[in-house]
1. Mind listing whichever residues of the range 109-137 are under 14 Å from residue 98 (Cα atoms) and surrounded by 16 or more Cβ atoms within 10 Å (Cβ to Cβ)?
2. Among the listed residues 86, 50, identify the single one that is free of Cβ contacts under 8 Å to residues at least 40 places away in the same chain, touching a His at 6+ places or on another chain (Cβ under 7 Å) and within 22 Å of residue 24 (Cα to Cα).
3. Could you run through the range 100-126 and say how many residues are touching a Gly at 6+ places or on another chain (Cβ under 7 Å) and over 19 Å from residue 64 (Cβ atoms)?
4. State whether one or more residues within the range 14-23 are in contact with a Pro (Cβ under 9 Å, 6 or more places away or on another chain) and either part of a helix (DSSP H, G or I) or modelled with pLDDT of 85 or more (or both).
5. Give the residues of the range 23-39 that are touching a His at 6+ places or on another chain (Cβ under 7 Å) and either polar (S, T, N, Q) or closer than 11 Å to residue 149 by Cβ (or both), sorted by residue number.
6. Given the criteria free of Cβ contacts under 8 Å to residues at least 12 places away in the same chain and either in a helix (DSSP H, G or I) or within 23 Å of residue 37 (Cα to Cα) (or both), does residue 131 qualify?
7. Within the range 64-86, work out how many residues are under 26 Å from residue 134 (Cβ atoms) and assigned to a helix (DSSP H, G or I).
8. Out of all the residues in the range 74-91, which are surrounded by 14 or more Cβ atoms within 10 Å (Cβ to Cβ), of a type in the set (Val, Ile, Thr) and at pLDDT 95 or above?
Amino acid sequence: MRRVSFRRYDIMPKPDHSLGIPGDGRCLFRSVVHGASLRAGKPCPSESLQKELADELRTKVADEFIKRRTDTEWFVEGDFDTYVTQMRQPHIWGGEPELLMSSHVLQVPITVYMWDNKSSFLKVIAEYGQEYGKGNPIRVLYHGYGHYDALQSPGTSQSML
């Protein structure tokens, strides 16, 4: 699949489909672990394994916040300790800070896409972990309403999250 630069965003045609990640408060973490498994050449994890791996990643992300407190405290909402304590709960949604910490925990780049309704293309809205390389990132789709999905890789039948 070719990628072209358009204004400030990289865009690419819509993939065949996104993979339905359950909206259970773990969707960001589920999407990331799904992609990490595939990136490592492993099959898609079952829903129960995905849930377990997502909870493990969430714990590691919370620990990474503490490890990087000096660098991260300024960009989390409210009291840092309260934020980290709440983020350890499985029903709390993750967002940009958790994607950044996930890239550090896994030491891989993560690219976030969003639909561009005007062009019916996906556009890159954020990239994390570029210090770990730019090739073969974990890819997630953000729907704009607090939900993340895994993406089907363009031109293949395998998810490339």
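The values are calculated or read from the model by the stated rules, or taken from the named source; none is laboratory data. The shown structure was predicted, so the numbers you read here are calculated from the model rather than taken from an experiment. So basically every Cβ, Gly included, is an ideal-geometry build from the backbone, and we count neighbours across all protein chains shown.
1. 109, 110, 111, 112, 128, 129
2. On the way: 86 fails: touching a His at 6+ places or on another chain (Cβ under 7 Å).
Answer to the selection: 50.
3. 1
4. Taking every residue of the range 14-23 in turn, none turns out to be in contact with a Pro (Cβ under 9 Å, 6 or more places away or on another chain) and either part of a helix (DSSP H, G or I) or modelled with pLDDT of 85 or more (or both).
5. Within the range 23-39, the first condition is being touching a His at 6+ places or on another chain (Cβ under 7 Å), and the residues that meet it are 23, 25, 27.
Within the range 23-39, 23, 27 meet the criteria.
6. Answer is yes for this residue.
7. So the count comes out to 6.
8. Listed by number, the list holds a single entry, 84.
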